[in-house]
Amino acid sequence: MNSSLKKHHVFFIAISISLLGALISLSPMGDKLEGEYGRSWLFKIRGKIPAPEQVIIISIDKASADFLELPNDPQKWPRSHYANLINRLKQQTPTVIAFNIIFDESDDVENDEMLAAAIADASNVILSSYLQVRRYSSDADNGYGSGSYSLEQIIEPAAILEQAAMNVSPFLLPKTSTTVNKFWTYKASAGDIPTFPLSIFQSYSYKNIFPELLQILQKIAPEVYTQLSKNNALEAKKHMMAVHQLIRTALLNQAGLDSQFIQLVDKAKLPAVKEQLLKSWFALIHSDNQLYFNHYGSGGTIKTIPFYQALTQDGSDDLFKNKIVLIGYSDDLQPEKNQGFYNVFSSQNGESISSIEIAATAVANLIDNSWLKTLLTWEKTLLIILWGAVIAMIFGIFSYGVAIIIVILLSGNYLLISYSQFISEQVLLPLFIPFIIQLPLAFFVVSFLTYIQNKRQQQKMQKIFSYYIPDDVVTKYSKNTNIEELSAYGELKYGVCVATDVGQYTTLSESLSPTELNSLMNNYYGIMFPLVKRNGGFVSDVIGDAMLAIWAESKLEKNIRTRKSACIAALQIKADIEHFNKTQSNNLPTRIGLHYGDMYLGNVGTQEHFEYRATGDTINTATRIEGLNKLLGTKILVSAEVVDGLAGFVAREIGTFILKGKTRAIIVYELLGYQDEMDDRWDSLNVFFKQGLALFRQHQWVDALQFFIEIQKKYPDDKPIRFYINYLQHHLVTEYPESDLEQVAVIKLDEKLGLSMERPVS
């Protein structure tokens with residue numbers, strides 16, 4: 001051992017450097033450093049590599065504009081040129097033709113019709129849409145302030161073209177201040193839609209491997225196979241996305257299929273291209289929505305043909321046969337607009353790379369399963385912790401000469417393994433933090449502490465050591481080596497919980513097969529989830545037929561915008577589900593409950609499995625309110641905390657209840673709709689109902705009963721009126737002395753006693 005350091009000092013240094021590295025790696029800065037340096041080093045060492053031959057770019061460039069005598073502004077090109085290109089390409093039977101061009105509405109109807117006809121005739125054309133972020137303002141009254149919120153809206157191409165295309169998808173890239181590192185496969189904020197590269201990949205793969213995929217699904221997921229075979233899924237236009245979602249959902253819900261799938265692919269002895277495509281397709285099922293680019297090189301690395309050459313070539317060489325053809329703008333067409341991007345190769349010489357080549361790179365990555373994979377968070381954290389600890393202990397235990405030799409050998413092996421994993425498996429191991437932060441830090445810290453211990457007292461040494469690692473950092477992490485505690489996240493919020501449930505779900509589930517029930521519920525939630533997201537909430541939990549959605553904020557005051565958004569979402573869910581039920585043989589009558597209060601949002605679980613969810617009494621109360629709908633015959637019930645001071649809605653006060661399992665009473669309202677959409681009939685009903693409720697709360701049981709019976713004649717379909725009639729008929733008693741009659745009557749929901757009238761809980 002290095003005689004200058006004691007065992008506990010070595011251990012302390014190892015822990016500190018390990019945890020410091022782990023902390024940096026878990027921060028946004030850590031990912032940025034690894035991207036700008038670690039991944040860049042690997043790309044530079046590897047150099048350029050050939051791109052898959054299946055992908056070809058047709059570039060709308062300056063040379064094509066000059067040759068065809070067209071303006072440099074591609075928006076001014078007649079769309080007949082694109083129609084002619086499609087017709088020319090069709091002769092060589094490419095698998096997919098994809099335009100990274102936004103074909104907005106135009107005034108040239110004839111050319112649009114020509115392009116639409118060509119797209120429809122080719123039957124393999126994918127067009128681009130785009131997402132437009134729109135800001136909406138929400139003006140509030142009663143002194144609560146005002147605010148705004150943003151929503152992403154999909155803007156489709158011209159209707160005649162969109163209808164003719166095989167599919168339409170947006171090409172989206174996560175924002176970055178430097179090079180382009182990632183691309184989206186699904187865009188969750190826009191309704192979990194597939195993006196442009198994913199749509200291309202799905203179309204290409206299903207056209208090449210769908211029969212083989214069906215054979216495998218027959219063995220590992222027979223219910224999916226049966227459904228796809230019976231429906232002849234790929235025959236119908238634009239069904240590939242739905243097919244993919246069906247298969248994806250089924251496979252993700254079944255554990256242990258990974259090894260089975262790969263084994264069956266290997267046993268099938270398929271051609272290498274199909275085998276690779278099947279494995280790529282399956283790997284994508286389990287991937288994240290954001291994938292790292294595996295760049296092939298700078299601009300022009302992917303085979304690129306100028307537009308005019310593709311338009312004029314005779315097709316004798318079958319250049320585009322069975323290929324994916326992507327068509328988009330070159331950067332040299334309008335360089336003043338600077339519409340290009342930078343990857344790790346192009347940034348070295350300052351030359352940008354076009355959007356269409358970025359899209360082609362993403363497609364190529366998907367085809368050969370070559371997108372870069374990162375370690376799971378816990379794997380990366382553990383690796384950095386172990387590396388930091390080992391390096392620090394080597395410097396602390398061995399003499400400097402021996403330690404340096406060991407560290408050089410160890411570092412060389414780490415680099416070789418990292419490069420090998422990058423080349424063969426496209427797996428990214430952390431490099432920057434281990435070699436630029438942890439290794440020199442370990443060396444200098446150990447060296448410095450050794451010097452201090454030889455020259456000064458332990459107290460002085462500790463003071464100088466703090467120059468390298470802050471005291472609070474040392475103190476904190478020396479006492480906390482629990483990775484679960486470091487990784488767990490949560491905070492107290494205030495907001496609205498919306499709980500929904502389906503009536504008669506148990507009976508329905510007994511009458512349907514699991515596949516039918518799954519399909520029905522997917523369609524059902526396919527309506528609800530976008531409405532939640534569109535109105536600023538998020539889905540916290542889904543169990544069977546029940547959903548919990550959350551609108552949360554950090555401020556304690558009852559935010560008008562938050563409560564308004566939740567109410568809007570509830571009304572939209574009610575309306576859309578009612579419309580949905582009219583189109584189904586199996587109805588899903590939905591009950592909704594809303595409550596406002598505090599809640600804890602954070603990770604629930606252990607390192608092996610975390611779930612981000614809301615917990616607290618607010619959640620429980622919302623579910624209880626939802627269940628009250630069944631008793632009252634209503635659709636949407638909200639607590640007084642939700643509608644207090646909320647303008648623009650019609651909400652009828654139903655009564656005061658002590659919910660099951662609760663001790664405190666709450667006032668419940670029925671949310672009926674928007675103020676400007678309700679007719680006078682509801683106003684009069686509300687007035688009468690208030691009068692009956694007042695009699696009930698004054699313990700004038702007989703008068704209340706007679707009053708409700710009378711107004712029922714005018715409103716025979718109103719179920720809350722029927723509830724009070726039934727309730728009073730069963731509970732006409734005088735349980736309380738005269739002095740208590742001024743107390744408000746409270747309906748207590750008790751599983752053992754049924755319904756009973758009690759005084760409010762103080």
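Taken as a whole, the condition of being modelled with pLDDT of 80 or more, on the phi < 0 side of the Ramachandran plot and either within 46 Å of the chain's Cα centre (by Cα) or loosely packed, with under 14 Cβ neighbours inside 10 Å (or both) does not apply to Val733. Among the criteria (1) touching a residue at least 24 places away in the same chain (Cβ under 8 Å); (2) surrounded by 13 or more Cβ atoms within 10 Å (Cβ to Cβ), the one Ile45 does not fulfil is (2).
Checked against (1) crowded, with 17+ Cβ neighbours inside 10 Å; (2) among the hydrophobic types (A, V, I, L, M, F, W, C); (3) more than 30 Å from Ser27 (Cβ to Cβ), Ile394 passes all but a single condition, namely (3).
Residues that are at pLDDT 85 or above, part of a helix (DSSP H, G or I) and more than 30 Å from Asp314 (Cα to Cα) do not occur anywhere in the range 71-84.
Per-residue answers, yes or no, for (1) more than 20 Å from the chain's Cα centre (by Cα); (2) surrounded by 15 or more Cβ atoms within 10 Å (Cβ to Cβ); (3) assigned to a strand (DSSP E or B); (4) modelled with pLDDT under 85:
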residue	(1), (2), (3), (4)
Ile247	no, yes, no, yes
Ser259	yes, no, no, yes
Leu264	yes, yes, no, no
Lys267	yes, no, no, no
Gln276	yes, yes, no, no
Lys279	yes, yes, no, no
Ala283	no, yes, no, yes
Asp288	no, no, no, yes
Leu291	no, yes, yes, no
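The set of residues in the range 504-517 that are touching a residue at least 60 places away in the same chain (Cβ under 8 Å), surrounded by 16 or more Cβ atoms within 10 Å (Cβ to Cβ) and not hydrophobic (A, V, I, L, M, F, W, C) contains only Tyr505. When the range 1-26 is filtered for residues that are among the hydroxyl-bearing types (Ser, Thr, Tyr), farther than 17 Å from Phe435 by Cβ and modelled with pLDDT of 75 or more, only Ser16 remains. You will find that of Leu172, Leu151, Leu131, Leu161, the residue that is modelled with pLDDT under 75 and surrounded by 15 or more Cβ atoms within 10 Å (Cβ to Cβ) is Leu151 and no other.
Condition check: modelled with pLDDT of 85 or more, surrounded by 19 or more Cβ atoms within 10 Å (Cβ to Cβ) and either under 29 Å from the mean Cα position of the chain (by Cα) or not in a loop (DSSP other than H, G, I, E, B) (or both). Does Ile302 satisfy that?
Against the criterion (modelled with pLDDT of 85 or more, surrounded by 19 or more Cβ atoms within 10 Å (Cβ to Cβ) and either under 29 Å from the mean Cα position of the chain (by Cα) or not in a loop (DSSP other than H, G, I, E, B) (or both)), Ile302 does not qualify.
When you scan the range 444-554 for strands (runs of 3 or more DSSP E) that lie fully inside it, which ones turn up with 1 or more residues that are modelled with pLDDT under 75 and not polar (S, T, N, Q)?
490-502
Residues that are closer than 30 Å to Trp371 by Cα, more than 33 Å from the chain's Cα centre (by Cα), at pLDDT 85 or above and not hydroxyl-bearing (Ser, Thr, Tyr): does the range 27-44 have at least one? Within the range 27-44, none of the residues are closer than 30 Å to Trp371 by Cα, more than 33 Å from the chain's Cα centre (by Cα), at pLDDT 85 or above and not hydroxyl-bearing (Ser, Thr, Tyr). Here is the figure for the range 58-89: residues that are farther than 21 Å from Glu110 by Cα and among the basic types (Lys, Arg) total 1.
Return yes when Leu372 is over 18 Å from Ser16 (Cβ atoms) and either without any contact (Cβ under 8 Å) to a residue 24 or more places away in the chain or assigned by TED's automatic domain parsing to the domain that holds Glu36 (or both) and no when it is not.
Working: over 18 Å from Ser16 (Cβ atoms): yes; either without any contact (Cβ under 8 Å) to a residue 24 or more places away in the chain or assigned by TED's automatic domain parsing to the domain that holds Glu36 (or both): no.
No; evaluated as a whole, the condition is false for this residue.
The residues of the range 568-588 that are touching a residue at least 24 places away in the same chain (Cβ under 8 Å), out of contact with any strand residue (DSSP E or B) (no Cβ under 7 Å at 6 or more places or on another chain) and either under 23 Å from Cys497 (Cα atoms) or among the charged types (D, E, K, R) (or both), listed by number, are Ile568, Gln572, Asp576. A single member of Ile119, Ile97 is among the β-branched types (Val, Ile, Thr), part of a strand (DSSP E or B) and buried (at least 22 other Cβ atoms within 10 Å of the Cβ), and it is Ile97.
Considering every residue within the range 571-583, establish whether at least one is under 15 Å from Ala622 (Cα atoms) and not assigned by TED's automatic domain parsing to the domain that holds Ala190. For the range 571-583, residues under 15 Å from Ala622 (Cα atoms) and not assigned by TED's automatic domain parsing to the domain that holds Ala190: absent. Residues in the range 312-342 that are part of a loop (DSSP other than H, G, I, E, B), at pLDDT 90 or above and closer than 15 Å to Asn100 by Cα: none.
Going by the structure shown, is Thr656 outside the structural domain of Val746 (by TED's automatic domain parsing), out of contact with any helix residue (DSSP H, G or I) (no Cβ under 7 Å at 6 or more places or on another chain) and touching a residue at least 40 places away in the same chain (Cβ under 8 Å)? When the stated conditions are applied, Thr656 passes them. The residues on offer are Ser424, Ser418, and the sole one that is assigned by TED's automatic domain parsing to the domain that holds Gly35, of a type in the set (Gly, Ala, Ser) and closer than 24 Å to Phe282 by Cβ is Ser424. In this entry, Glu553 passes the filter for residues that are among the acidic types (Asp, Glu) and within 22 Å of the chain's Cα centre (by Cα). If only residues of the range 590-623 that are at pLDDT 90 or above and out of contact with any strand residue (DSSP E or B) (no Cβ under 6 Å at 6 or more places or on another chain) are counted, the one that is surrounded by the most Cβ atoms within 10 Å (Cβ to Cβ) is Gly597.
Screening the candidates Arg697, Arg759 for the property of being at pLDDT below 50 and more than 46 Å from the chain's Cα centre (by Cα) yields one hit, Arg759.
The values are calculated or read from the model by the stated rules, or taken from the named source; none is laboratory data. In this text the structure is predicted, and so the values were computed from the model without any measurement. A quick note on method: Cβ atoms are made from the backbone with ideal geometry, for glycine too, and the neighbour counts reach across all protein chains shown.
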